[in-house]
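A short write-up of the structure that comes next.
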Amino acid sequence: MIIRDRHGSRGSRIWPMMVAVLCMGATELMGQYFGRNKVQYEQFDFKETQTPHFRVFHYTTEGPAIRDAVKMLERWHERQAAVFGDSLGPNQPVVIYANHADFQQTNISGGLIPQGTGGFTESRANRIVLPLTGVYADNDHVLGHELTHAFHYRIMKESRRKMRGGRGIPLWFIEGMAEY
């Protein structure tokens, strides 16, 4: 089909306008990340620490901070198990990085991690990943927040609708409950 304007010429003025309208609506897509590599500055020597409810993966050099983080995790688990009436089981994976720069190099998440991200919990593997901040109150807060998400994912996976049941829950509710 050929578009003609009122003078009978082809739509020479219409095409530039159509292209301009299409370009205004273009947004960055996740597919544009394909082919980029996440920069990794160093190799990490991870060690595993097993507790009654967690498998904590961490660097060998972060001993004292990891011992405190493990105590915080077990304390949060006890509190939240009472609230949810359930336990996470003996092998909840938690990956702890020494700082945010190391955390941003993780291959657990495929995309880039913004500076303000304090941690995340994967829905499929139900794995908690976070950096230590150097401030125990902040570490305790993020551990409790992410552990709440781990409980949410476990409950959803065991429900009749599985993870599809979580699609209708608004983000403000999920994050609000984790903050509460």
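Among the conditions (1) open to solvent by 40 Å² or more (accessible area, probe 1.4 Å); (2) in contact with a helix residue (DSSP H, G or I) (Cβ under 9 Å, 6 or more places away or on another chain); (3) part of a helix (DSSP H, G or I); (4) of a type in the set (D, E, K, R), residue 146 misses just one, which is (1). Determine, yes or no, whether residue 118 is part of a loop (DSSP other than H, G, I, E, B), open to solvent by 20 Å² or more (accessible area, probe 1.4 Å) and of a type in the set (Gly, Ala, Ser). In short, yes. The residues of segment 121-137 that are touching a helix residue (DSSP H, G or I) at 6+ places or on another chain (Cβ under 9 Å), over 20 Å from residue 90 (Cα atoms) and outside any loop (DSSP other than H, G, I, E, B), listed by number, are 131, 136.
Using the structure shown, decide if residue 137 is more than 13 Å from residue 76 (Cβ to Cβ) and modelled with pLDDT of 85 or more.
Details: more than 13 Å from residue 76 (Cβ to Cβ): yes; modelled with pLDDT of 85 or more: yes.
Yes; evaluated as a whole, the condition is true for this residue.
May I ask you to list the residues in segment 70-99 that are surrounded by 17 or more Cβ atoms within 10 Å (Cβ to Cβ) and outside any loop (DSSP other than H, G, I, E, B)? If the condition is that a residue be surrounded by 17 or more Cβ atoms within 10 Å (Cβ to Cβ) and outside any loop (DSSP other than H, G, I, E, B), then 70, 72, 73, 76, 77, 80, 92, 93, 94, 95, 96, 97 are the ones that fit.
Within segment 32-60, being surrounded by 10 or more Cβ atoms within 10 Å (Cβ to Cβ), at pLDDT below 70 and of a type outside the set (Phe, Trp, Tyr) holds for 38, 40.
Let's see how each residue does on (1) farther than 27 Å from residue 156 by Cβ; (2) out of contact with any helix residue (DSSP H, G or I) (no Cβ under 6 Å at 6 or more places or on another chain):
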site	(1), (2)
48	no, yes
51	no, no
58	yes, no
68	yes, yes
71	yes, yes
78	no, yes
82	no, yes
87	no, no
101	yes, yes
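The values are calculated or read from the model by the stated rules, or taken from the named source; none is laboratory data. A quick note: this is a predicted structure, and the numbers were derived from the prediction, not measured. Ideal geometry is used to build each Cβ from the backbone, glycine not excepted, and the neighbour counts take in all protein chains shown. Calculation scope for accessible area: heavy atoms of the full protein, side chains included, ligands and nucleic acids excluded. Shrake-Rupley method; radii C 1.70, N 1.55, O 1.52, S 1.80 Å.
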